[in-house]
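To start, the structure under review is shown below, and the notes come after it.
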Amino acid sequence: MWEERLTTDLVIAKGTCFPVFAYEVAQAIDLDAAERRLLAGAERQTIKHKRRAPAYFEYEPAPLRVARQAEEHALASYRTSPGVELVLYDFGAVSVSYAIPLAGALADAAVLASELWGNERLLADSRGHVERLLQDLGDAAVRPRIADFVEDYSIFLVEAFTDTCDAAALWTEYAPQVAQILRAEPRTLSQQEIGDATGSRLSFGPDDATFIDTDAALVFDPEGDDVRAVLEFANTQLLEMRFLDQQLDKALDRVYESLLRRPERPWAVGSYGAELRRIARLQLDGAILFEQVTNALKLVGEQYLARVYSLASRRFHLGEWDASITRKLQTIDGVYAKLADRAATRRMEVLEWIIIVLIAVSLAVSVVAGVSH
């Protein structure tokens with residue numbers, strides 16, 4: 001049981017909060033062409049391997065990270081740094097991240113978390129950066145379009161506290177403050193809520209800890225940039241899963257309508273070809289995006305960053321999204337097969353009618369010729 005009041009406050013000596021906003025902006029992004037177009041301030045992002053992560057824990061292909069100037073934003077008693085980072089992924093997503101320097105009582109960070117939750121100013125500003133980026137990318141972005149929804153997430157990275165703090169104290173003695181940050185709730189939480197918020201955690205050593213929740217994460221680590229990169233990717237992956245699931249829902253609605261409204265006329269064959277091509281295009285687009293998103297980050301072996309990604313996947317319910325998308329792709333495959341079978345049957349019926357008509361015409365010609373003679 002956690003104490004109602006703590007004898008000492010935990011004070012952050014150095015830290016940064018990273019609000020991130022993930023957008024679906026194109027069917028695909030040619031990262032090499034994008035790098036040539038953007039030039040200054042662009043670099044390929046890699047995992048830094050500060051822990052015992054093998055060389056094959058890596059992005060494929062490596063995302064493109066772009067730094068740009070941005071105005072400062074006041075958030076409670078904090079301010080964003082005068083800059084913004086955009087990470088471009090080849091599967092057509094862009095993640096926008098701000099940096100907010102942290103210092104002061106750990107409990108005060110809950111006020112910032114509450115301010116960040118659904119913040120309309122940062123949302124509008126991040127969208128503006130994405131729109132300008134798309135203009136700069138030009139044809140490096142394939143079939144550009146900005147999806148209606150965005151996936152936002154807050155990563156609180158604490159490098160050091162003013163007093164020596166064992167990581168275990170964060171989920172015991174200071175669990176109430178940690179839970180308030182993760183749930184973006186400055187008010188006192190119940191023990192059940194505290195336990196649920198701080199339950200998804202992991203550590204590499206006695207002096208580091210990572211807490212992952214659905215809307216925010218708290219990372220206590222002097223070298224936590226690699227953890228932040230994995231969390232940012234997982235948030236982007238969640239966005240892509242949601243986007244693809246929505247697109248497949250719309251595709252299924254159109255496919256069912258096409259299946260129901262198909263006229264039962266033996267000569268209506270040509271329209272099947274256009275319908276089948278459209279469904280095949282949906283299958284291909286969905287399968288390619290699904291493959292790119294799920295295989296962009298290579299996770300092989302039992303190491304810390306793989307555990308971070310696995311925990312984030314469970315917290316974000318990526319497995320459920322994966323199963324839903326797979327099921328809908330299979331449904332579209334089934335509908336395509338039914339339409340193809342129906343088209344083949346209709347084609348055979350038309351051919352049979354043609355043969356009957358030709359035989360009838362041939363007999364009629366023979367009869368007319370016999371009468372004339």
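Residues of the range 306-362 being free of Cβ contacts under 8 Å to residues at least 40 places away in the same chain, within 18 Å of the chain's Cα centre (by Cα) and assigned to a helix (DSSP H, G or I), which ones? If the condition is that a residue be free of Cβ contacts under 8 Å to residues at least 40 places away in the same chain, within 18 Å of the chain's Cα centre (by Cα) and assigned to a helix (DSSP H, G or I), then 310, 319, 320, 323, 326 are the ones that fit.
Let's see how each residue does on (1) out of contact with any His (no Cβ under 7 Å at 6 or more places or on another chain); (2) among the aliphatic types (A, V, I, L, M); (3) modelled with pLDDT of 90 or more; (4) closer than 25 Å to residue 285 by Cα:
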| residue | (1), (2), (3), (4) |
| --- | --- |
| 3 | yes, no, no, no |
| 34 | yes, yes, yes, yes |
| 50 | yes, no, no, no |
| 73 | yes, no, yes, no |
| 89 | yes, no, yes, yes |
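Name the residue that is farthest from the chain's Cα centre (by Cα), counting only residues in the range 202-214 that are at pLDDT below 95 and among the charged types (D, E, K, R). Selected residue: 207. Looking at the structure I just gave you, is residue 79 open to solvent by 30 Å² or more (accessible area, probe 1.4 Å), more than 18 Å from the chain's Cα centre (by Cα), within 30 Å of residue 244 (Cβ to Cβ) and free of Cβ contacts under 8 Å to residues at least 60 places away in the same chain? Answer is no for this residue.
Just checking, does the range 108-117 include any residue being under 30 Å from residue 163 (Cα atoms), at pLDDT 90 or above and under 17 Å from the mean Cα position of the chain (by Cα)? Among the residues of the range 108-117, not one is under 30 Å from residue 163 (Cα atoms), at pLDDT 90 or above and under 17 Å from the mean Cα position of the chain (by Cα), which makes the answer no. Taken over the range 327-350, residues that are modelled with pLDDT of 80 or more and open to solvent by 70 Å² or more (accessible area, probe 1.4 Å) amount to 2.
Count of the range 127-182 residues, restricted to those that are open to solvent by 60 Å² or more (accessible area, probe 1.4 Å) and within 12 Å of residue 23 (Cα to Cα), is 5.
Exactly one residue out of 231, 244 is assigned to a helix (DSSP H, G or I), modelled with pLDDT of 80 or more and either open to solvent by 50 Å² or more (accessible area, probe 1.4 Å) or over 25 Å from residue 110 (Cβ atoms) (or both), and it is 244.
Is it true that residue 194 is outside any helix (DSSP H, G or I) and surrounded by 17 or more Cβ atoms within 10 Å (Cβ to Cβ)? Spelling it out, it is not the case that residue 194 is outside any helix (DSSP H, G or I) and surrounded by 17 or more Cβ atoms within 10 Å (Cβ to Cβ).
The selection criterion, being touching a strand residue (DSSP E or B) at 6+ places or on another chain (Cβ under 6 Å) and in a loop (DSSP other than H, G, I, E, B), does not hold for residue 103. Kindly indicate whether residue 57 is closer than 23 Å to residue 238 by Cβ and at pLDDT 90 or above. No.
For the range 247-259, the set of residues classified as open to solvent by 10 Å² or more (accessible area, probe 1.4 Å) and either among the basic types (Lys, Arg) or touching a residue at least 40 places away in the same chain (Cβ under 8 Å) (or both) consists of 249, 250, 252, 254, 256, 259, listed by residue number. When the range 207-222 is filtered for residues that are open to solvent by 10 Å² or more (accessible area, probe 1.4 Å) and more than 13 Å from residue 16 (Cβ to Cβ), the ones remaining, listed by number, are 207, 208, 214, 215.
The values are calculated or read from the model by the stated rules, or taken from the named source; none is laboratory data. Remember, it's a predicted structure, so these values are computed and weren't measured experimentally. Quick reminder, even Gly has a Cβ in these numbers, built from the backbone with ideal geometry, and neighbours come from all protein chains shown. What goes into the accessible areas is simple: the full protein's heavy atoms, side chains included, and nothing from ligands, DNA or RNA. Shrake-Rupley method; radii C 1.70, N 1.55, O 1.52, S 1.80 Å.
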